[in-house]
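What follows is one structure encoded as structure tokens, with my remarks underneath.
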Amino acid sequence: MDAELLARLQFALTVGIHFLFPPLSIGLAWLLVVVEGLAWRRRDPAWESAGRFFGKVLALTFGVGVATGIVMEFQFGTNWSRYSTFVGDIFGAPLAAEGVFAFFLESVFLGLYLFGRGRVSRGLHWFSILMVAVGATLSAFWILVANSWQQTPAGFEIREGRAVLTSFSEAVLNPSMWVRFFHTIDAALIAGAFGMAGIAALWKLRGQGGAVAARAQGLGIAAGLLFAVLAVFPTGHEHARQVARTQPEKFAAIEGLYTTQSGAPLVLFALPHREPPTLKAKIEIPSLTSWLAFGDPGAEIQGIDRFPADEVPPLWMTFVSFHNMVILGMWFVAVMALGAFLWWRRRLDRTRWYQWVLVASAPLPLVACQFGWVAAEVGRQPWAVYRLLRTADAYSVTVGVPELLFSIVLLGGIGLLLVGLYLFLLMRQVSKGPDAVREVA
Amino acid sequence: MDLGTLQTIWFVLFLVLVAGYAVLDGFDLGIGALSLLERNEARRGQHMEVIAPVWDGNEVWLLTAGGALFAAFPPVYATVFSGFYLALMLLLAALMFRGVSFKFRNQVASPGWRRFWDRAFGLGSLVPALLYGVAVGNILKGVPVQQTAQGFAWQGSFLGLLNPYALLVGVLGLAMFLTHGAIYMAHKAHGEAAASAARKAPWLWLSWMILWGVTTGISAWQAPHLFEGATGNPLWWVTVLVALAAMIGIPWALRGGRHGVAFLWSCAAIAAQNGLAALGLYPRLVPSSLDLAGSSLTIHNASSSERTLGTMLVIALVGMPLVVGYTAFVYRVFRGRVKPGEYYGNH
């Protein structure tokens, strides 16, 4: 086994585990801003209970997210020292800004939110959950700035083999930043909405929860429908258009376009084969990719054949993860649209099979997040920084295979243990129902 | 502002973040380590409860210091973190267990479950409290780094990090955090938990004082470069006086039972002792034990560009006053002694 592969494996494992939690935290935090706001202004005991319960879920999610996230601040240096030296002049600033503007804000105010109930005024208590949501969103903003710069670097020049900043605003506002930010935050809101609606569904199926379950599910379905639609259009659509323009080989890989063609079709479904890269059992709509990406059904789209073999990302994994994400995205719209329909017809509580669908769908947005992340990051390969630094030239040469194996087992093991404990404790909280919550955070 | 000035400013700002971490997370790490000595489950739980609303924000000082190091001095971040590899993995494992112990411990009412997470909290605090000093000790003494055409190359091993001098500084750091934690505990906890901490505090202070003296003496022999430039610098002497005054202030305030005042002295002593170490290092960030003059990482040969340092300075000047402001506000909200069960409920 070589060090590059192990370093990548470790990064994928630790980030993958960590990335289960922040989307849920961000989504729940914004939903709690609404819940706590309604509890405060309407003096409604059901919203009040919902706030207490989901506040507790947020505390648990946030706590495991922080614990699994500490690794991130250090592992660029530990495992990717050549990368860190190359990009430090640019990449470090957003990471530091994340600490200054985001981590402090969310952590300090989460303490106030969780332990300040009854100790501070209602207004200040609501303000504290708002600051948690803002802080968590800013955290996503800065880390996505850093990630986007890896994908579409801007505002720099190469001096003595290092990227040196020439314009901070150009580096921050690089071509993929805003679309990536909005699409990712939207995904987080979907995760929160499905989590809330799914937990409420479980209560309803057990005859638990009463008004709390009804309110939480209503909010979950309303937010879920809104953000599931926005995830497809405009955020998902615009993100794909950006990839088509700025990273054409990634676009060809995720869309499964192996040969250059005018009027490229949109592949809805296919079974990809690895060698030679071909798509079997294809279902496609003619010319649609050309039209969606460039507004012209006849536009030529560069296929994988246009690029040197050593500059092409892995085809199978990018195609599969991207398409699974898209399929899940469609599923989210369908589930929430159906929920809104049943709600409007006042059949939500009677339609037990639909409640089961909500329960089963609750974790799927997090799965979709993982697929989207794999498509984005594997699609960036073989580059650590697109067309500037290869992943093969980025990992730490001083860290050997035994050390890497040790840390993979250690950090991966702890990470998986924490995921297991998180699920166990979450299910315990849920099964106790919304009214069993005491002043415990 | 020219590059040299910005490099010095960032040296100072990085020190502020590290010292801020030592002062703030220092007491909650110390309290966690102290909890290992407590046999009574309820009183052990109080250790966690006393710091429940604030520890998370305190830990952010470490993360931000890491980010700032990456941004301002990337070669230091890259070289030192990959060199300290196994030590850092150990630190991360400890912080992961510690972080979740706050959320997990009181979720299941089983003695075994609680004992496990108490242990995770205690050991997860002890390990970082010790490694902090071990890391500082290695930096002070110098690490095996060699400048090559490809940049700075690490030539050491994990066991090399566990040298006697670094371990001594590690124990010094532990004594510092234990004292700091005991004083905070005496100030914030309720009943026997507070009284027990108050009884320990003077003895912990004594060990800290002795270790600080011994370490300073041995440093003159093990790391003479720390004193070369520094002793001619008036600021160094002022910092020595502040550190001494603060160290004397601690037992003086403890004797009067004024634990809040003793805590402020303890904060000052930790900040001043970190400041002394930094003044000794300046302008080096990481002395090379192989070639002090030619291969050390300094603020000049290991910094980011003028534009990055300038941009980062704006970020720090806008952001950090806000951070200090709302952190102080939240500490004020949670002022006063913490009654058992106040935050985690009675079980």
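Rule-based calculations on the coordinates, nothing more; no lab input. These figures come from a predicted structure and were not determined experimentally. Here the Cβ is made from the backbone with ideal geometry for all residues, glycine too, and neighbour counts use every protein chain on show.
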Size of charge dipole - region B:3-333 - debye, nearest 20, with Cβ of Lys, Arg +1 and Asp, Glu -1, no other charges
760 debye
Could you calculate the FRET efficiency of A:Arg206 with A:Arg122 from 1/(1 + (r/R0)^6), where r is the beta carbon distance between them and R0 is 25 Å, rounded to 0.05?
0.20
In debye, nearest 20: dipole of the protein assembly as shown around its Cα centre with unit charges on the Cβ of K, R (+) and D, E (-)?
3100 debye
Farthest toward positive dipole pole in chain B [+1 Lys/Arg, -1 Asp/Glu at C-beta], among B:Leu285, B:Val169, B:Gly57
B:Gly57
Which whole number of Å³ per residue matches the convex hull of the alpha-carbon atoms in region B:3-333?
134 Å³
Residue-normalised 222 nm signal for chain A, counting each DSSP H run of n ≥ 4 as -39,500 (n - 2.57), nearest 500 deg cm²/dmol, is -23000 deg cm²/dmol
Sticking with the crude label model, points 7 Å out along Cα→Cβ, report the distance from A:Asp2 to B:Ala195 in nm, one decimal please.
6.7 nm
Under a cut-off of 17 Å between alpha-carbon atoms, report the aspartates and glutamates in cross-link reach of B:Lys339, not counting same-chain residues fewer than 8 places apart.
A:Glu439, B:Glu41, B:Glu49, B:Glu192
Give, as ranges by residue number, the residues of region B:256-295 whose backbone N falls under 16 Å from the point 7 Å along Cα→Cβ of B:Leu244.
B:269, B:272-273, B:276
On a C-alpha basis, how far is the centre of region B:292-340 from the centre of region A:39-112 in Å? Whole number, if you could?
17 Å
Computed [θ] at 222 nm, helices only, for chain B once each DSSP H run of length n ≥ 4 contributes -39500 (n - 2.57)
-26000 deg cm²/dmol
For the Cα atoms of chain B, what angle does the longest principal axis make with the long axis of helix B:111-141, in degrees from 0 to 90, nearest 10?
20 degrees
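Can you give the relative contact order of chain B as a percent, counting alpha carbon pairs under 8 Å and 6+ residues apart?
Here the relative contact order equals 25 percent.
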Here, B:Ser110 and A:Glu170, labelled 7 Å along Cα→Cβ, have an inter-label distance in nm of 6.0 nm
Taking 22 Å as R0, compute the FRET efficiency from the Cβ-Cβ separation of A:Phe307 and A:Asp393 and round it to 0.05.
0.70
Run the reach check for A:Lys250 against lysines, Cα to Cα strictly under 26 Å, same-chain hits fewer than 8 apart removed. What comes back?
A:Lys280, A:Lys282
Positive-end residue, region B:3-333 charge dipole about Cα centroid, Cβ charges, pick of B:Leu37, B:Ala22, B:Leu276
B:Leu37
Nearest 10 degrees, 0 to 90: helix B:234-255 Cα axis against chain B principal axis:
10 degrees
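Could you line up A:Met336, A:Met427, A:Met196 from fewest to most neighbouring Cβ atoms inside 10 Å?
So the residues, fewest neighbours to most, are A:Met427, A:Met336, A:Met196.
Which helices of chain A meet both criteria: a Cα extent of 15 Å or more along the helical axis and a mean Kyte-Doolittle score no lower than 0.0, with helices taken as whole DSSP H segments?
A:3-18, A:22-42, A:45-79, A:81-97, A:104-115, A:122-151, A:177-205, A:210-230, A:315-344, A:364-378, A:401-432
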Can you give the FRET efficiency for B:Thr231 and B:Glu41, using 1/(1 + (r/R0)^6), R0 = 51 Å, r = Cβ-Cβ distance, to the nearest 0.05?
0.50
Per residue of B:87-94, what is the mean number of Cβ atoms on other protein chains within 10 angstrom of that residue's Cβ?
5
Express the relative contact order of chain A as a whole percentage, based on alpha carbon pairs under 8 Å and six or more residues apart in sequence.
22 percent
With a 10 Å Cβ neighbour count serving as the proxy for reagent exposure, in which order, fewest first, do B:Phe329, A:Phe322 appear?
B:Phe329, A:Phe322
Under 13 Å from the 7 Å Cα→Cβ point of A:Phe233, by amide nitrogen: which residues of region A:287-330?
A:292-293
So what's the gap between the Cα centers of region A:271-304 and region A:386-402, to the nearest angstrom?
33 Å
Using Cα centres only, tell me the gap between region B:1-67 and region A:177-193 in whole Å.
32 Å
Would you order A:Glu275, A:Glu98 from fewest to most other beta-carbon atoms within 10 Å of each residue's own beta-carbon?
A:Glu275, A:Glu98
When the protein assembly as shown is reduced to its Cα atoms, the Kirkwood hydrodynamic radius in Å
27.6 Å
In degrees rounded to 10, the 0-90 angle between helix B:164-188 Cα long axis and the longest Cα principal axis of chain B is 40 degrees
